[in-house]
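Visitor: Handing you this structure, nothing more for now.
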Amino acid sequence: MTINCSGEELILDKERAIYWPAKRMLIISDIHIGKSAHFRRSGIPVPSTIGQHDLNRITKLTDLYNADILVITGDMFHNRMNSDVEYFRAWRAQQLNLKIHLIKGNHDDLKASDYEGLEIKIHHKELLVHPFRFIHDKPETTDEYFNITGHIHPGVTVYGKARQRLRLPCFYFSSTCAVLPAFSAFTGLSNIQPKEGDSFYAITPTKVVAV
């Protein structure tokens, strides 16, 4: 689905990403690379293929849109270096033409040298590319920049005619802020209480729909 936001065309993709054509920029949030390895280390049997599948999805998106820049609004990694991060290292070696910018989230605890070795540009607070501010969590105050964030893994409940209901990941837009869905499916969903004028775009297996 293509929308207009702050005078810019944005494409909302069903793979839980936003593409900004004017900047050839792909925007995602909350990949949590390393989370499955973290669970396995704790004795919980989580497939190692989860992280690999997410990286393959990024490759398909960058190829589809011919993106030059990947912006991640936080929680790219899930705490420390582990085997899943090594999968990312191998993937990165095949994607050296892609510029990667990470706005650090609360789970991004790798060392500065680790990010440098993975050729990731770190922004500790925010990245400003007019008219947007890319930041991990919604700021308390607003200004002339429209905020694009992640962190809360937004979801929306859709009701059917016969009392069916589905919880779906979604893009959430208010007058000052957009919240991206978690890119990784290996995350929970947080239902957002809408305010008047807010917009929700639910992600189904085949398309993005306004609800």
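Derivation of every value follows stated rules applied to the coordinates shown; laboratory data play no part. Since the structure is predicted, the reported quantities are computational estimates derived from the model, not experimental observations. Glycine also receives a Cβ, built like all others from the backbone with ideal geometry; neighbour counts cover every protein chain displayed.
Visitor: Using the Cα centre as the reference, give the magnitude of the dipole from point charges on the C-beta atoms of the chain (Lys, Arg: +1; Asp, Glu: -1; all else neutral), rounded to the nearest 20 debye.
Guide: It comes to approximately 740 debye.
Visitor: Report, by chain and number, residues whose modeled amide H sits under 5 Å from the one on HIS153, excluding near sequence neighbours (fewer than 5 apart, same chain).
Guide: Those qualifying (amide H under 5 Å, at least 5 residues apart or on another chain) are ALA182.
Visitor: Sticking with this structure for a sec: Please give me, ordered by residue number, the trypsin sites (Lys or Arg not before Pro) of region 113-211 that lie in loop per DSSP and have at most 13 other Cβ atoms within 10 Å. Before the final figure, lay out the partial values.
Guide: Values: sites: LYS121, LYS125, ARG133, LYS161, ARG163, ARG165, ARG167, LYS195, LYS207; in loops: LYS125, LYS161, ARG163, LYS195, LYS207.
Sparse-neighbourhood loop trypsin sites (Lys or Arg not before Pro): LYS125, LYS161, ARG163, LYS195, LYS207.
Visitor: Over the Cα atoms of region 104-160, each weighted equally, I'd like the Debye log10 I(q)/I(0) at q = 0.13, 0.24, 0.26, 0.31 Å⁻¹, rounded to two decimals.
Guide: Values, matching the q order: -0.47, -1.01, -1.08, -1.25.
Visitor: What Kirkwood radius, in Å to one decimal, follows from the Cα pairs of the chain?
Guide: With all distinct Cα pairs of the chain included, I get 17.6 Å.
Visitor: On to the next question. Pairs LYS138/LYS161; LYS125/LYS195; LYS104/LYS161; LYS60/LYS121: which are spaced more than 31 Å apart, C-alpha to C-alpha?
Guide: From LYS138/LYS161; LYS125/LYS195; LYS104/LYS161; LYS60/LYS121, over 31 Å: LYS138/LYS161; LYS104/LYS161.
Visitor: Among VAL209, VAL71, which comes first, then next, by fewest other beta-carbon atoms within 10 Å?
Guide: Values: VAL209 16, VAL71 25.
Sorted ascending by nearby Cβ count, the order is VAL209, VAL71.
Visitor: Quick one: which residues, 5+ away or cross-chain, put their amide H under 5 Å from the amide H of CYS177? H built at 1.01 Å from N.
Guide: HN-HN under 5 Å from CYS177: ASN147.
Visitor: Tell me, rounded to the nearest percent, the portion of alpha carbon pairs in region 96-211 spaced more than 25 Å apart. Walk me through the numbers before you get to the answer.
Guide: Values: 2231 of 6670 pairs.
Tail of P(r) above 25 Å: 33 percent of Cα pairs.
Visitor: Turning to a different aspect of this structure: Between ALA22 and GLN193, take the C-beta separation as r, use R0 = 45 Å, and let me know the FRET efficiency to the nearest 0.05.
Guide: Efficiency computed from Cβ-Cβ geometry: 0.90.
Visitor: What ranking do 93-99, 53-59 get when scored by the average of other Cβ atoms within 10 Å per residue, highest first?
Guide: 53-59, 93-99
Visitor: Where in the chain lies the longest segment free of GluC sites (Glu not before Pro) that are both loop residues by DSSP (not H, G, I, E, B) and have at most 12 other Cβ atoms within 10 Å?
Guide: Looking at the chain, 1-139 is the longest stretch - no exposed GluC sites (Glu not before Pro) with at most 12 other Cβ atoms within 10 Å.
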